[in-house]
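Below is one structure, written out as structure tokens, with a few remarks after it.
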Amino acid sequence: MIDEWNSLQRKDKKSWFFWTERTLVLWLGGVLGFMLIDYLGVGLKVNSWETAFIVIALLGILNALFWPLLSRIFLPFMVFTVGVGSLLLNGFMIWIISNFVPGITIGGPALILTPLGITLITTILSSILTLDDDASYYRTVLRKRIRESEGKEYKKKPGIIFLEIDGLSEKILEEAIEWGHMPTLKSWLDQGTHEVTGWETDLSSQTGASQAGILHGNNYNIPAFRWVEKPNNNKIMVSTGLNDATLIEGRISDGKGLLSSNGASRSNLFSGDAEDVIFTYSKLKDLRLFYNKTWYYVYSNPSNFSRIIILFFWEVLLEFKSQFTHTLRNIKPRIRRGFVYPFVRAGAAVFLREITTYTLIGDIINGEVDSAYVTYLGYDEIAHHSGTRDEDAFHALRGLDKQFKRLDQAKKYAHRSYNLVVQSDHGQTNGATFKQRYGLTLDDLVQHLMPSNINIYSKLSSNEDHFGQAIIEPGKDAKRYLRDKKDIVIKNSRELRVNTLKTFKKSPLVKGKLADYIKNYKVKERPEKVSQENADVIVLASGNMGLIYLTELKNRLFYEEINELYPDLIPGIAQHEGVGFIMVNSSKYGPLAIGGEGIHYLRDNTVEGIDPLLNFGSRAVEHILRTDTFEYTPDILVNSVYDSEKDEVAAFEELVGSHGGLGGEQSHPFLMHPVEWNLNNVEIIGAEELHRILKSRLD
């Protein structure tokens, strides 16, 4: 580490103007920031430019002398105030100076806004002049670590840092690298240090199931992002529920997870049995675990948090610009994102990203953890709302690539070697939503196919899948999408196509006169809203997977029982052109995949008519059969249509890019790993298999 420190110093000396240029920029940025806040009239008053120059000079000296000590003392305060304490400490130091320098007063909102104003101007000037701000950061960190490392022994065995890009498919990774969006990852491939291996998710291609499998080696009984447990008073389990995530981890953990041996979890859904956790959802309720000393690397520089806030609001502006651009250019498919979403996007794409990177830099330089696993959420969040190949999505990937470069640089200043592994937990598949295509939601369709007195409860929003819940309102589910209470006129009347019923009607499974039903079809009034406990039917969505639970009985109903209770339900859903297949369990034939023109008998793998699983991959039967064995599999599992030519699905949620079911890129994430792992001939099917491979490399 001392050699790296000397190298960094020599590098600065070669650029003899570096210190002068940087000092002038910081000085000028500080002065302009002062005058900006003074102009806004929010509590800061400076009588002249000369006074501002003096105050900034004194502030720089005080920060250099006292900030390392103050940031250590007040670190818990800064952590539990989510960074606001850092701004207040900056403002407090300016207030101290104001007591000794005439011509300046500060108070009120200016105590927070002044550090932000200084950082805003400095960041703009540094970007224009392309100054290496990370070099200054590493000097601050290394100065502290050199003092602490004297006489300390470090492990020689290399550690591993797992960097998950949430929601990025292997194909889009290849495009991003080829089109120049991710130069850092491209350099690793070109240098021959890394190679990419694709893998295939389970049927539930979403973060809850994938991270349970990757981090704990067990994602059994997780059929979707959200599911119903009938015996437990129709409880809806949510992967990101503060109580539910803890309960789910308790079910899947055997204490030997991926990070159980001296590992660290950063910004994940589950902990992998790590004791060192930051922003790990299953552990958020335990405030004792929220704080640890690694947070120091976020607040070790007085301007770090201010910089994060500036980048946060810049991302908010970019999202508003995106919404305007998409509307102006009439980009489709498009969804209404609303006023709150830009702040959710900035929280995932900037706030958590930056904090995560700083804490990982600390992990690398400290050299104490043997492994760390982190989730970067920005791409998944943006692709859901803008599209998987939208410029916004590639903007997120460019930002992530910069983080990987920073982490790669941090390795140079560490006593211990670390391998960086980049991977994803699932992909996303694009497409106009089910409602956009057909004018009704999945629960609308179910309501139309059942008696008018049946009470339906639905949840068709999984924004929490990308941690929006953690940013907006921890502990509560995201709000339901507002319903249009008017009668819904079913568009594109082919959703119940008579001309495709011939094969289906010949099957011995079909009961009732479906043709008569179609002939006499009428839109029904929706009953009053009911709670999930009192509902007769619960309809959920996870991307392009729909889950229908008939709650009159606490056990899972057989196909024959469903037909007896609601004779129009199964044929009506299966015949809808937006449905690829439904999966039900027959008491006579076992699990079935039923489509508009045929039935796949999964138990003996035979097909009657046209195979409904034809477009869903060679392992569709394997994945569906596994899900059929889960305790909380729905009575009717619905998978949307998949257009293999356009590579599009019809999500049951209002999301442009989606994941959760079968169809397209959502099932094909990637693993970018050191070439020494030699996975060329290894087939990775399912998150549990990926866990075994990663665990073996750690062991």
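Of note:
- By average C-beta atoms within 10 angstrom, highest first, the peptides 392-401, 205-214: 205-214, 392-401
- Footprinting exposure proxy for T441, T375 (fewest neighbouring C-beta atoms within 10 Å first): T441, T375
- Label zone at W179 (point 7 Å along Cα-to-Cβ), backbone N below 20 Å, region 369-398: 377-398
- Simple label model, 7 Å out from Cα along Cβ direction - S644 to L287, nm: 5.5 nm
- Exceedance of the 27 Å cut-off in Cα-Cα distance is limited, within the set K157/K405; K171/K256; K411/K695, to K171/K256.
- Restraint check, K435/K646; K230/K459; K235/K285; K459/K554, Cα-Cα greater than 22 Å: none
- Fewest-first ranking of L163, L328, L547, L625, using other Cβ atoms within 10 Å as the exposure measure: L328, L625, L163, L547
- For the peptides 650-663, 111-124, 176-189, 570-583, the ranking by mean Cβ contacts within 10 Å, running from highest to lowest, is 650-663, 570-583, 111-124, 176-189.
- The V675 and I61 beta-carbon pair, evaluated with R₀ = 60 Å, returns a calculated FRET efficiency of approximately 0.75.
- Net charge contributed by nearby residues that have their C-beta within less than 11 Å of T325 (K/R +1, D/E -1): -1
- With a cut-off of 13 Å between beta carbons, the residues surrounding L247 carry a summed charge of +1, where Lys and Arg count +1 and Asp and Glu -1.
- Near K256: Cβ cut-off under 11 Å, other residues only, Lys/Arg at +1 and Asp/Glu at -1. The net charge is -2.
- For region 611-638, the residues whose amide N sits under 15 Å from a probe point set 7 Å from the Cα of R251 along the beta carbon direction are 627-635.
- For S261 and T325, the difference between the fully extended length at 0.36 nm per residue and the C-alpha to C-alpha distance is 18.2 nm.
- Per-peptide average of other Cβ atoms within 10 Å, ordering 314-324, 292-302 highest first: 292-302, 314-324
- Least to most buried among E174, E368 (fewest other Cβ within 10 Å first): E174, E368
- When only alpha carbons are used to place a centre, region 360-401 and region 527-585 end up 37 Å from one another.
- Potential lengthening of the chain between L553 and R398 amounts to 50.8 nm, from the contour at 0.36 nm per residue minus the alpha-carbon distance.
- Each part reduced to its alpha carbon centroid, region 255-286 and region 325-345 end up 34 Å apart.
- Chain lengthening between K405 and K332 when straightened (0.36 nm per residue, less Cα-Cα): 22.9 nm
Where a number appears in this text, it was derived from the coordinates with a stated rule and is not lab data. Computed from a predicted structure; not experimentally measured. All Cβ positions, even for glycine, are placed from backbone atoms using ideal geometry, and neighbour counts span all protein chains on display.
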